[in-house]
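J.: The structure is given below, and queries will be raised subsequently.
The values are calculated or read from the model by the stated rules, or taken from the named source; none is laboratory data. Quick caveat, the model's predicted, so the values are computed rather than measured. Cβ coordinates were reconstructed from backbone atoms using ideal geometry, including for glycine residues, and neighbour counts include every protein chain displayed. Accessible surface areas use protein heavy atoms only, side chains included; no ligands, DNA or RNA. Shrake-Rupley method; radii C 1.70, N 1.55, O 1.52, S 1.80 Å.
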Amino acid sequence: SRVQSPSRVVVVSGSVGAGHDAAAREFARRFRSLGYETVCYDFLHLLPPPIGRIYLSVYKRMIGQAPWSWQSLYESLNTSVSWRMSARILARTSEWRLRKRIGPDTALAIATYPMAAQALGEMRRRVRLTVPVATYLTDFSAHPLWLSRHVDAHLVPHGLTAAQARAHGTPGVTVTGSLVRPGFVPALP
């Protein structure tokens, strides 16, 4: 029997804010138009229960009641190695559930959420995942948590984002522009 080439794309998003999911939906639309079966997963649902629910609840409270606290956490993740390590350890708790969803028929796994990028990159590093992995930075800032030297491709929306990613020593950075549906057009002058 003939071995078929991989025909699936797995997109892993995060249901915090709307940008990660919007990018995931657009990737899914584009890959489906190329003939790939495409499935999207919410990274928070791949964390051990009830961690994902708690994470989302804390995020919503931070944004809704104390937005300055989100900025403070974001800066801490940028400057503190111990905070980044904690985030990466949390990301690794999704590995078992991720592996169940990324099978041999998968041509590409792509993350539109930074914790998902960390989890997939770590799985590649430890050779627990052999399919190519990409991440799309929905943010214009190349925050260190988005970046993993074990991810095959970092897709970024802007040249400044690419420069920041490269300054962190990140390989495989490609400027793709914003990932939006075809109905969106540039504003008129």
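J.: Restricting to the stretch 5-21, what's the tally of residues that are open to solvent by 40 Å² or more (accessible area, probe 1.4 Å), within 15 Å of Val180 (Cβ to Cβ) and either touching a strand residue (DSSP E or B) at 6+ places or on another chain (Cβ under 9 Å) or of a type in the set (Asp, Glu) (or both)?
T.: Summing the residues that are open to solvent by 40 Å² or more (accessible area, probe 1.4 Å), within 15 Å of Val180 (Cβ to Cβ) and either touching a strand residue (DSSP E or B) at 6+ places or on another chain (Cβ under 9 Å) or of a type in the set (Asp, Glu) (or both) in the stretch 5-21 gives 1.
J.: Step by step: first the residues of the stretch 83-121, then only those that are touching a Pro at 6+ places or on another chain (Cβ under 7 Å) and farther than 21 Å from Ser5 by Cα, then the one that is modelled with the lowest pLDDT. Which residue is that?
T.: Arg84
J.: Which members of the stretch 68-80 meet the condition of being open to solvent by 80 Å² or more (accessible area, probe 1.4 Å) and more than 20 Å from the chain's Cα centre (by Cα)?
T.: Within the stretch 68-80, Trp68, Thr79 qualify.
J.: Scan the stretch 25-72 for residues that are in a helix (DSSP H, G or I), within 28 Å of Gly177 (Cα to Cα) and touching an Asp or Glu at 6+ places or on another chain (Cβ under 9 Å) and report the count.
T.: 1
J.: In this structure, does Val151 turn out to be at positive phi and without any contact (Cβ under 8 Å) to a residue 60 or more places away in the chain?
T.: No, not satisfied.
J.: Got a sec? Which of Leu129, Leu137 is in contact with a Leu (Cβ under 8 Å, 6 or more places away or on another chain) and under 29 Å from Glu75 (Cβ atoms)?
T.: Leu137
J.: Also, I was wondering about something else. When both residues are 6+ apart or on different chains and their Cβ atoms are under 9 Å apart, which pairs have a first residue that lies in the stretch 50-67 and is surrounded by 11 or more Cβ atoms within 10 Å (Cβ to Cβ), and a second that is β-branched (Val, Ile, Thr)?
T.: Ile51/Thr93; Tyr55/Val16; Leu56/Val16; Tyr59/Val16; Lys60/Val16; Ile63/Val16
J.: Quick check on this structure: which one of Arg88, Arg126 is without any contact (Cβ under 8 Å) to a residue 24 or more places away in the chain, closer than 23 Å to Pro171 by Cα and among the basic types (Lys, Arg)?
T.: Every option except Arg126 fails the conditions.
J.: Exactly one of (1) touching a His at 6+ places or on another chain (Cβ under 7 Å); (2) under 14 Å from Thr138 (Cα atoms) is unmet by Gly172. Its number?
T.: Among (1) touching a His at 6+ places or on another chain (Cβ under 7 Å); (2) under 14 Å from Thr138 (Cα atoms), Gly172 violates only (2).
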